[in-house]
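Everything below concerns the one structure shown next.
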Amino acid sequence: MPHTTGPRFGIMTAPSQVSYRDVLQVWREADAIPQIEHAWLFDHLMPISGDPNGPTFEGWTLLSALAAQTERLRLGLMVTSNRFRPPAMLAKIAATVDAVSGGRLDFGIGAGSRPGHPIARREYEAHGLPFHDSAYAVGSLAEACTVIRRLWTSGQPFDFDGSYLHLTGAFCNPKPVQRPHPPILIGGRSTATLRVVAEHADLWNIPGGDIDDAISRSAVLDRFCAELGRDPTSITRSIVLHVSYDQPGDTRKAIAEAIDAGFPHIVLGLAPPYPASVARWVTDELITSA
């Protein structure tokens, strides 16, 4: 199971049931704290918790604004739904954010919400977006990763005729600032998604939950890497851990278990409303005690 030198801590602020100023304040505070290395938004178009008609900001638009208001944090979406945007358009959006941030984007992507998740599924119907089955979602994710990487690196327009994507004269200019391209993080836990991770990802994220399940899923990823002839340690393991403001000891325990299990990329999920100086609190109570 892969380990890297020391854990890398970040925060996630879901852009839902909050104001822009709420999120901006947390990110600016975190940007000044070296122990917090990365920051994330999620990618939903409507709330998935709390008031179902409450505010939810579009992730990539907000990410670009936050990129312009910060200087140091690596940043991204945990994770982009491949169901929401055509991949070639997404490649252009991400290249723009990488330029705005000065090369600080970590490109998070996944297959999208499960068909059996009614709270998340309603956002597709509300926005006129198609919702295919899981096999289609994972298959199209694999092609999306291929196309996006090629758009970021190809010096000439190209055609692509896949099972899900069909492009003519595809080209992305300007390219991302990072070379050869921004790191690709793929989120998910299904076996089918882990096959895509093994082929395309630099980082793999699992959205918290039972640590034994995370360890089991990581072993599956190791097996797929072996089948492809890829060194499994070349894929950094990442995990989202939800922060308890009232019981920080529980969160510290979860952090220790995740690091011991080979998940050095720790994303601390902050639930709104955010306490005052929450980024400093996270650093003092959770990160420096890890």
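Observations on the model:
- Residues that are at pLDDT below 95, closer than 19 Å to residue 138 by Cβ and surrounded by 15 or more Cβ atoms within 10 Å (Cβ to Cβ) do occur in the stretch 202-211.
- Consider the stretch 28-58 and keep the residues that are at pLDDT 95 or above and among the β-branched types (Val, Ile, Thr). The one that is surrounded by the fewest Cβ atoms within 10 Å (Cβ to Cβ) is 33.
- Where a residue in the stretch 252-266 is assigned to a helix (DSSP H, G or I) and its partner, wherever it lies, is of a type in the set (S, T, N, Q), with Cβ under 6 Å and at least six apart: 252/289
- Residue identified as modelled with pLDDT of 95 or more, among the hydroxyl-bearing types (Ser, Thr, Tyr) and touching an Asp or Glu at 6+ places or on another chain (Cβ under 6 Å) among 277, 244, 218: 244
- Screening residue 23 with (1) open to solvent by less than 30 Å² (accessible area, probe 1.4 Å); (2) part of a loop (DSSP other than H, G, I, E, B); (3) in contact with a helix residue (DSSP H, G or I) (Cβ under 9 Å, 6 or more places away or on another chain) gives one miss only, at (2).
- Lone qualifier among 170, 192, 95, 120 - being surrounded by fewer than 23 Cβ atoms within 10 Å (Cβ to Cβ), touching a residue at least 12 places away in the same chain (Cβ under 8 Å), under 22 Å from residue 62 (Cα atoms) and over 15 Å from the mean Cα position of the chain (by Cα): 120
- Picking from residues in the stretch 33-46 that are assigned to a loop (DSSP other than H, G, I, E, B) and without any contact (Cβ under 8 Å) to a residue 40 or more places away in the chain, the one that is farthest from residue 283 (Cα to Cα) is 42.
- Of all residues making up the stretch 143-167, the number that are free of Cβ contacts under 8 Å to residues at least 40 places away in the same chain and either surrounded by 13 or more Cβ atoms within 10 Å (Cβ to Cβ) or over 28 Å from residue 101 (Cα atoms) (or both): 12
- From the list 223, 237, 280, the one residue that fits, being closer than 18 Å to residue 37 by Cβ and open to solvent by 70 Å² or more (accessible area, probe 1.4 Å), is 280.
- In the stretch 48-77, the residues that are farther than 14 Å from residue 18 by Cβ and touching a residue at least 24 places away in the same chain (Cβ under 8 Å) form Cβ pairs under 6 Å with partners that are open to solvent by less than 50 Å² (accessible area, probe 1.4 Å) and among the basic types (Lys, Arg), at six or more places apart or across chains, as follows: 74/104; 75/104.
- Considering 232, 273, the condition of being surrounded by 13 or more Cβ atoms within 10 Å (Cβ to Cβ) and either touching a residue at least 12 places away in the same chain (Cβ under 8 Å) or within 21 Å of residue 29 (Cα to Cα) (or both) is satisfied by 232 alone.
- Taking the conditions (1) open to solvent by 20 Å² or more (accessible area, probe 1.4 Å); (2) in a helix (DSSP H, G or I); (3) among the charged types (D, E, K, R) in turn, residue 114 satisfies each one other than (2).
- Tallying residues that are in a helix (DSSP H, G or I) and surrounded by 21 or more Cβ atoms within 10 Å (Cβ to Cβ) within the stretch 65-89 yields 3.
- Options 107, 84: the member that is out of contact with any strand residue (DSSP E or B) (no Cβ under 8 Å at 6 or more places or on another chain) and under 20 Å from residue 45 (Cα atoms): 84
- Among residues of the stretch 98-117, those that are hydroxyl-bearing (Ser, Thr, Tyr) and under 16 Å from the mean Cα position of the chain (by Cα), counted: 1
Yes or no, residue by residue, for (1) of a type in the set (A, V, I, L, M); (2) over 23 Å from residue 254 (Cα atoms):
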site	(1), (2)
145	no, yes
174	no, yes
178	no, yes
204	no, no
215	yes, no
221	yes, no
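- Residues located in the stretch 123-142, provided they are under 22 Å from residue 60 (Cβ atoms), open to solvent by 30 Å² or more (accessible area, probe 1.4 Å) and not hydrophobic (A, V, I, L, M, F, W, C): 125, 127, 128, 130, 132
The values are calculated or read from the model by the stated rules, or taken from the named source; none is laboratory data. Bear in mind the structure is a predicted one, so any value in this text is a computation, not a measurement. Please note: Cβ atoms are built from the backbone with ideal geometry, for glycine as well, and neighbour counts cover all protein chains shown. What goes into the accessible areas is simple: the full protein's heavy atoms, side chains included, and nothing from ligands, DNA or RNA. Shrake-Rupley method; radii C 1.70, N 1.55, O 1.52, S 1.80 Å.
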